[in-house]
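What follows draws every value from the coordinates through simple rules; no lab data is involved. Remember, it's a predicted structure, so these values are computed and weren't measured experimentally. Reconstructed Cβ throughout: ideal geometry from the backbone, glycine too, with neighbour counts over all protein chains shown.
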Amino acid sequence: MAGAQAGYGTGKRKGAIAKVRLQSGSGEITVNGKPAKEYLHRYSLIQLVQEPFGATDTAGQYDVDAEVLGGGIVGQAHALRHGIAKALVKDNEEFRTLLSQAGLLTRDARVKERKHAGFRKARRAKQFSKR
């Protein structure tokens, strides 16, 4: 990857954590050493990851090198999007208003609820029978 490091951001979603490094470049996104298309598989997830660049009109100006761990593939894609948005703000503070209006800087705090005693799952109770 060519160019100096532009920004660094850590994104989180559910159990996934993405450590993102931005560098000025040609728009190449690398996740865990693989191209994003190969790692994420789905077109919708690749579009999701590129949202911060669309909101700031910087598509093709930055190379992304990310290390993602934990969670599932969708949670990892959301964490990657969050990390890219935070890294863009570190590089250029003027992007903060654009990204926050698009809702890309907000950490989605929803996580799976734990299983409770006497229940099958978090809220799924055992079947009731009167007789």
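Consider the range 62-77 and keep the residues that are touching a residue at least 60 places away in the same chain (Cβ under 8 Å) and surrounded by fewer than 22 Cβ atoms within 10 Å (Cβ to Cβ). The one that is farthest from the chain's Cα centre (by Cα) is Asp63. Do you know which of the residues in the range 23-38 that are without any contact (Cβ under 8 Å) to a residue 12 or more places away in the chain and part of a helix (DSSP H, G or I) is surrounded by the most Cβ atoms within 10 Å (Cβ to Cβ)? Looking at residues that are without any contact (Cβ under 8 Å) to a residue 12 or more places away in the chain and part of a helix (DSSP H, G or I), I get Lys37.
Scanning the range 85-98 for residues that are of a type outside the set (Asp, Glu) and either surrounded by 21 or more Cβ atoms within 10 Å (Cβ to Cβ) or touching a strand residue (DSSP E or B) at 6+ places or on another chain (Cβ under 7 Å) (or both) turns up Ala85, Lys86, Ala87, Leu88, Val89, Lys90, Phe95. Restricting the range 70-84 to residues that are of a type in the set (Gly, Ala, Ser) and in contact with a strand residue (DSSP E or B) (Cβ under 7 Å, 6 or more places away or on another chain), the residue that is farthest from Val111 (Cα to Cα) is Gly83. Residue pairs whose Cβ atoms lie under 7 Å apart, sitting 6 or more positions apart in sequence or on different chains, and linking a residue in the range 102-131 that is free of Cβ contacts under 8 Å to residues at least 40 places away in the same chain and surrounded by 10 or more Cβ atoms within 10 Å (Cβ to Cβ) to a partner that is outside any loop (DSSP other than H, G, I, E, B) and of a type in the set (Asp, Glu), do not occur here.
What residue, of Arg123, Arg107, is in contact with a strand residue (DSSP E or B) (Cβ under 8 Å, 6 or more places away or on another chain), farther than 20 Å from Gln5 by Cα and of a type in the set (D, E, K, R)? Let's see the steps before the verdict.
On the way: Arg123 fails: in contact with a strand residue (DSSP E or B) (Cβ under 8 Å, 6 or more places away or on another chain).
Sole residue among the options that is in contact with a strand residue (DSSP E or B) (Cβ under 8 Å, 6 or more places away or on another chain), farther than 20 Å from Gln5 by Cα and of a type in the set (D, E, K, R): Arg107.
Are any residues in the range 1-20 under 19 Å from Asp91 (Cβ atoms) and either more than 13 Å from the chain's Cα centre (by Cα) or surrounded by fewer than 19 Cβ atoms within 10 Å (Cβ to Cβ) (or both), and if so, which ones? Spell out the reasoning first.
At the first step, the residues of the range 1-20 found to be under 19 Å from Asp91 (Cβ atoms) are 1-11, 18-20.
Answer for the range 1-20, where residues must be under 19 Å from Asp91 (Cβ atoms) and either more than 13 Å from the chain's Cα centre (by Cα) or surrounded by fewer than 19 Cβ atoms within 10 Å (Cβ to Cβ) (or both): Met1, Ala2, Gly3, Ala4, Gln5, Ala6, Gly7, Tyr8, Thr10, Lys19.
Residues in the range 38-57 that are closer than 20 Å to Gly103 by Cβ and touching a helix residue (DSSP H, G or I) at 6+ places or on another chain (Cβ under 7 Å): Leu45, Ile46, Leu48, Val49, Glu51, Pro52, Ala55, Thr56.
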